[in-house]
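Here is the structure we will look at, set down as structure tokens.
The values are calculated or read from the model by the stated rules, or taken from the named source; none is laboratory data. Please read these numbers as outputs of a predicted model, since none were measured by experiment. Using ideal geometry, Cβ is built from the backbone for each residue, glycine included, and neighbour counts are taken over all protein chains shown. Heavy atoms of the whole protein, side chains included, go into the accessibility calculation; ligands, DNA and RNA do not. Shrake-Rupley method; radii C 1.70, N 1.55, O 1.52, S 1.80 Å.
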Amino acid sequence: MNTPLNLLFLCTGNSCRSILGEALANHLGEGRLRGLSAGSQPTGQVNPNALAVLARHHVPAGEPSSKSMDDLEGEKVDLVITVCDAAAGEACPIWLGDTLKVHWGLPDPAHVTGTQEEIVGAFEATYQALHARLSALLALDLEERTPLGLVAAAQKLHRELE
């Protein structure tokens, strides 16, 4: 695989998980990864709690926006990472074409209710889950992976870190 590896994080609303994935990929990747994000039914706004967890960890957010997959037409994407939570019955968007895909299902912190501490905790858990997966992915020799080897490794990382 060539680097930077262009990762597209997809979820339904593109307001939390995919935004965190995009920012973390760009930050942790240090030029080896390029993060993008989109949603099948974008909310139109980035959840302020997603921005807050990035700020707490000193991860630059860039200029995130909640956008549709259609807004990324023409972008070169090497790997689509869907982050919807199938266990919660959340429909995950499907990217058309032969682009490589991997599923890293995570609960949506935007749906957590309760105290501010519980909400902050949900966003922190999502941040940590994505950080762990991306750090493990970056520990691999990405340049030496075949496309199918990359998908297999990314799926294995998700299963191991669940």
Out of (1) touching a strand residue (DSSP E or B) at 6+ places or on another chain (Cβ under 7 Å); (2) under 19 Å from residue 83 (Cα atoms), the one residue 142 does not meet is (2)
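Can you tell me which of 12, 43 is more than 13 Å from the chain's Cα centre (by Cα) and β-branched (Val, Ile, Thr)?
None of the others qualify; the one that does is 43.
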Could you give me the residue pairs with C-beta distances under 8 Å whose first residue belongs to the stretch 48-62 and is at pLDDT 95 or above, whose second residue is open to solvent by 60 Å² or more (accessible area, probe 1.4 Å) and outside any helix (DSSP H, G or I) wherever it lies, and which are 6+ apart or on separate chains? 54/60
For the stretch 98-113, what are the residues that are modelled with pLDDT under 90, part of a loop (DSSP other than H, G, I, E, B) and open to solvent by less than 60 Å² (accessible area, probe 1.4 Å)? 99
